[in-house]
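Bear in mind that the values in this text are calculations on the coordinates, not laboratory data. Since the structure is predicted, the reported quantities are computational estimates derived from the model, not experimental observations. Quick reminder, even Gly has a Cβ in these numbers, built from the backbone with ideal geometry, and neighbours come from all protein chains shown.
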Amino acid sequence: MDLCVLASGSSGNCSVIRSEDAAFLVDCGIGPRITAGRLTGTGVSLSQLRAICVTHLDRDHCNVAWMATVVSQQMKLFCPADRVAELLHFFSDARMRPLVVPFRPDEPFEPVPGLTATTTRLAHDRSGSHAFHFTSDAGSIGYATDLGHVPPTLIDRFCGIDLLAIESNYDPQMQRASGRPVFLQNRIMNGGGHLSNDQALTAVKNLFDRCAKHGHSLPSQVVLLHRSRQCNCPKLLKQTFERDRRIGPRLVLTEQYSRTEWISARRGPKISWIGEQLSLQFG
């Protein structure tokens, strides 16, 4: 199982996960045309995507431009159960109804065969968001963005994962000096908006400590999501997370307008030929 972050930030969020014989998206906040372009060179094409798992329905995570593609490819769209009616109204096409699959916190589901997802509800704005714990026989991924704050249950659920992707949105000092309206700054920083760099670092350190306590391996990579382009910067992120020597060598930064390489979430030795094998399997 591997992760590639195609876009991450307030202008659109979208990641692709591939297993041995299937690929799907986590969030679809950029349109299918841009997604297709970002997939170039990955060995996965737009037509090979089988499903979309949405963390929540903010427009930078769920873009209405996907409706035609979801219908034409008969993709499953996994959505929080309490937001299904809103999603169907948003997409406003009766053909979407049988393709939307509700999920509920703590109840496992299969976005693609052989891969299980379990969600944790997060406090983000009015309607909340959801973190995903993806597991297969080959590995596991913890994916959490738009958190507001980190619930203890999330650390418990992510203990033992092979790859962590977590939001690190803003620096408080840059936020306060940004000139943004006070109400917006408060919304972001009040525990129901986004995670600051220090809050994200604390969450990662707590997870690493929990893994060590219970005899689990640490995640091989720590992928930082949803960086504010106005109130954060890559240099600051590196300085913050390199305070912990366990995290620095594992750090992967994501961007709004360019994708990452494939990031492995495999247990055991790395398999150097996986990209070639997947390209063959996907045709």
GNM on the chain, Cα springs under 10 Å; top mean-square fluctuation among 84, 16, 26 goes to 84
Residues meeting the amide H criterion for residue 221 (H placed from the backbone, H to H distance under 5 Å, 5 or more places apart or on another chain) are 164
Calc'd 3J(HN,Hα), segment 195-202, phi into Karplus 6.51 cos²θ - 1.76 cosθ + 1.60 (θ = phi - 60°), Hz, glycine/Pro = x, comes to 8, 6, 4, 5, 5, 5, 4, 4
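For segment 134-194, would you read off the P(r) tail past 19 Å as a percentage of all alpha carbon pairs?
Of all Cα-Cα distances in segment 134-194, 44 percent exceed 19 Å.
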Trypsin sites (Lys or Arg not before Pro) in segment 5-62 lying in a DSSP loop, each with at most 12 other Cβ atoms within 10 Å of its Cβ, come to 59
One checks the Cα atoms of the chain and finds Rg and Dmax, in Å, of 17.9, 52
